[in-house]
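For reference, the structure is listed below as C-alpha cells.
The values are calculated or read from the model by the stated rules, or taken from the named source; none is laboratory data. Just so it is clear, the structure is predicted and the values come from calculations on it, not from any experiment. FYI the Cβ positions are ideal-geometry reconstructions off the backbone, even for glycines, and counts take in every protein chain you see. For accessibility, only protein heavy atoms count, side chains too; no ligands or nucleic acids. Shrake-Rupley method; radii C 1.70, N 1.55, O 1.52, S 1.80 Å.
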There are 2 protein chains.
Amino acid sequence: MTAASPAGADPHPITGEVLARLASTPDARMRELMTALVRHLHAFAHETRLTEAEWFAAVSFLTAVGQTCTERRQEFILLSDVLGLSMLVTDQNHPAAPGCTESTVFGPFHVPDAPRFELGADIGGGAAGEPCWVQARVRGPGGEPVPHAEIDVWQADAEGFYDVQRAELGHAQARGVLRADADGAFRFWTVLAEAYPIPTDGPVGRLLEATGRHPWRPAHLHFMIAAPGYERLITHVFRRGDRYLDSDAVFGVRPSLVADWIRREPGVAPDGTRRDAPYWTLDFDFVLNPAVAPAPARPEEIPE
Amino acid sequence: MTAASPAGADPHPITGEVLARLASTPDARMRELMTALVRHLHAFAHETRLTEAEWFAAVSFLTAVGQTCTERRQEFILLSDVLGLSMLVTDQNHPAAPGCTESTVFGPFHVPDAPRFELGADIGGGAAGEPCWVQARVRGPGGEPVPHAEIDVWQADAEGFYDVQRAELGHAQARGVLRADADGAFRFWTVLAEAYPIPTDGPVGRLLEATGRHPWRPAHLHFMIAAPGYERLITHVFRRGDRYLDSDAVFGVRPSLVADWIRREPGVAPDGTRRDAPYWTLDFDFVLNPAVAPAPARPEEIPE
C-alpha cells in the first residue's frame, strides 16, 4: 500500500495512536487516504517543530479561506492552485499521451450551463478587450476528426476579470458552449485574453505576499472539450510571448499549450466579416486521448 | 534543516517547480514551513494517486469546515483535534518535565474573560449535574507552593454541553477564573463532569462517521494555570473509570491526568456546608514546570 511509505524516519508516538484508531475505517480507500494524510500531516508538524502560535495561525488561515468562499468564489481551489496541488492532481490523472493535447488546471472560474452559441458567434457578450477570432479543430491521435465535440470556453476580459468576478454583471461574458461541426472544427469571436492577477484580496493573496510571489497568470483561454469515445480534456491555450509564462502563479503552463496569437490589421476577417479595427486570431488543434475502459477495481478499492 | 528531509522517495516533477518558487520567501521560518508543507502535501497526493473526484471532495470538505466556524464554534480546531494534530503540537511544545503535570489539548470551548470567583464559590451557574467539590494545590517540582496562581477552569454539563454551545444561554455556566491562595491551594463547587460527544452535526462529525470512529470524550475538567516564574499549564483532569479513557476522540488522555472522583453521601462537605443530596469530590495536585529564559533565536529564525 503506497500510503504506508514512511513520511519521516522517526514519527511522534501520538501518530501511532491516531493511525491505530483509523485502522477500522470501513472503506479501504478512505482508510488509505486518511492514513496517508495523518502520516504526512503529523510528519509536517513534527519535522518543523510546529509551535502552538504557528498552529493557531494555520487554523485561523484555513478558517479565513473557508469563509472567503461564496457561490461565486472558491478560495480553497485557489489555495490548491497556488500550492501546485491542483496541477499535480491534474497531471497524474491525465498523464500526457503521445501526440495528445496536455491537460492543465480547471481553475475556480468555470460556470456550469454557460450560454450556448452557434459556430462563428461572438461569445464576448460586451466584455472589454480587443476582438479575437478563434478557430480550432478537434482530432484524435491519428489525425481523425472528432465530430460534434462539445466545447466549453471561458476567459478573463482585458481588465483581468472573469464575468463571475463582477458582482454588478447580470449575464455571462466571454464564456460559452459550442458544438464542433462534423469535421471537428469550431470557431468563434471573443476578446483577446490578457495576463491577470488571481484574486489577492483574500487569504490566498496574503499567502502569496508572505512568500514573495506575484499573483499573475499568463494570458490564456480555458477549454473543456468532451466527445464520446475520448477522455474529456480540460486545458488552456496560452499566448506566446507573455511575460508570465515562466512564473504562472498556479503552475499551469505546459510548453505544448503555448500558441501564436496574431495581431491583424483592419480588413476582411477569416469569417468574411469586415473589421474596421485591428483584431487578433488564434488557430489551434486539440488532440483528444481515446477513452479506455475503466480498469477493474483493485481488491483494496472494493468497500468491505 | 529538518524540512528538507524526504517526504517520499520519488517526488512528482511539479513538486520541484513549486519548491523552487518558494525559495525566495523572505522570512526563513515561513520558507521552512511552506517548503515542508508543499513537500508533504504533494507527497500525500502523489503516493495515494489522489483522483480529481477525491481532490474535489477534499476541497468541499475543507470549505464546509471553514463555513461551520462561527464566533462560538471552531470546526478547524475540532478537525485538528480528531486528527491528533492538536495533541501532537501540544506534546512537542510541552514535553513532560520530570514530576510535572502533563499538558493536554486546549480544545475549542475556552472563553477569554470568564467570570471571576472567590475561592470556595460555586462556578456552576445553574448548569445541570450532580454537585462536585474540587480542591487542589499548585506546586513547583520541589513541592514548594506556588502562591496566587490564576486558575481558569471550564467543563461540560451533565448533558454534555458547554455553555457556549447553548445559544439560548445568556451567561457563563460551569466556567470561571479563580486565584489560588498564598499556599497555592484553590477550591470551588461545580457540577460533575460527564463523558460527552464532540459536536457531530458538522463536517468533522461526518469524517468521524466515515472513519468508523465514535465522537466521545471521557469526562474531564479543563484547567489553565498561570503563575509568574512557571510555564503556563493547559491540561485536563479525567475521571478514573470512564469508558472512553482508552478511545478519547481527540487523543487527549494521559494516564497521569486520570484521578479518582469520589461519590459522597449527604452530610457535611469539606467546606463545612451541609449537603442534602449526594455529591462528588476531586482532590488533585498540579505541579508546574519552572519557566526557562527564552532560548536565543536560531539564525534561521531571524527574518532577513
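Each residue in the stretch A:46-68 was checked for being out of contact with any Gly (no Cβ under 7 Å at 6 or more places or on another chain) and free of Cβ contacts under 8 Å to residues at least 24 places away in the same chain, and 13 pass.
Just to be sure before I move on: is A:Arg72 surrounded by fewer than 21 Cβ atoms within 10 Å (Cβ to Cβ), more than 8 Å from chain B (Cβ to nearest Cβ) and of a type in the set (Lys, Arg) in the structure I sent? So A:Arg72 fits the description; yes. Residues in the stretch B:30-60 that are buried (at least 20 other Cβ atoms within 10 Å of the Cβ) and acidic (Asp, Glu): 2 in all. Any chance the stretch A:83-98 includes a residue that's of a type in the set (Asp, Glu) and more than 7 Å from chain B (Cβ to nearest Cβ)? No.
Can you tell me which residue within the stretch B:1-23, out of those that are farther than 16 Å from A:Gly84 by Cα and among the hydroxyl-bearing types (Ser, Thr, Tyr), is modelled with the lowest pLDDT? That would be B:Thr2. If you filter the stretch B:234-258 down to residues that are of a type in the set (A, V, I, L, M, F, W, C) and open to solvent by 10 Å² or more (accessible area, probe 1.4 Å), you find that the one that is farthest from B:Gly140 (Cα to Cα) is B:Leu245. Annotation note: of A:Arg29, A:Arg39, A:Arg49, the sole residue that is over 26 Å from the mean Cα position of the chain (by Cα), among the basic types (Lys, Arg), in a helix (DSSP H, G or I) and more than 30 Å from A:Tyr162 (Cα to Cα) is A:Arg39. The set of residues from the stretch A:96-114 being out of contact with any Ser or Thr (no Cβ under 9 Å at 6 or more places or on another chain) and either surrounded by fewer than 20 Cβ atoms within 10 Å (Cβ to Cβ) or not assigned by TED's automatic domain parsing to the domain that holds A:Trp216 (or both) comprises A:Ala97, A:Pro98, A:Gly99, A:His110, A:Val111, A:Pro112, A:Asp113, A:Ala114.
From the set of residues in the stretch A:9-22 that are open to solvent by 30 Å² or more (accessible area, probe 1.4 Å), among the hydrophobic types (A, V, I, L, M, F, W, C) and closer than 23 Å to B:His46 by Cβ, which is farthest from the other protein chains (Cβ to nearest Cβ)? Taking the candidates together, the pick is A:Leu19. So for the stretch A:265-278 (the condition being open to solvent by less than 20 Å² (accessible area, probe 1.4 Å), in contact (Cβ under 8 Å) with a residue 24 or more places away in the chain and closer than 30 Å to B:Arg29 by Cβ), does at least one residue qualify? Looking through the stretch A:265-278, none of the residues is open to solvent by less than 20 Å² (accessible area, probe 1.4 Å), in contact (Cβ under 8 Å) with a residue 24 or more places away in the chain and closer than 30 Å to B:Arg29 by Cβ. Looking across the stretch B:207-230, the residues that are over 25 Å from A:Arg31 (Cβ atoms), hydrophobic (A, V, I, L, M, F, W, C) and surrounded by fewer than 19 Cβ atoms within 10 Å (Cβ to Cβ) come down to B:Met224, B:Ala226.
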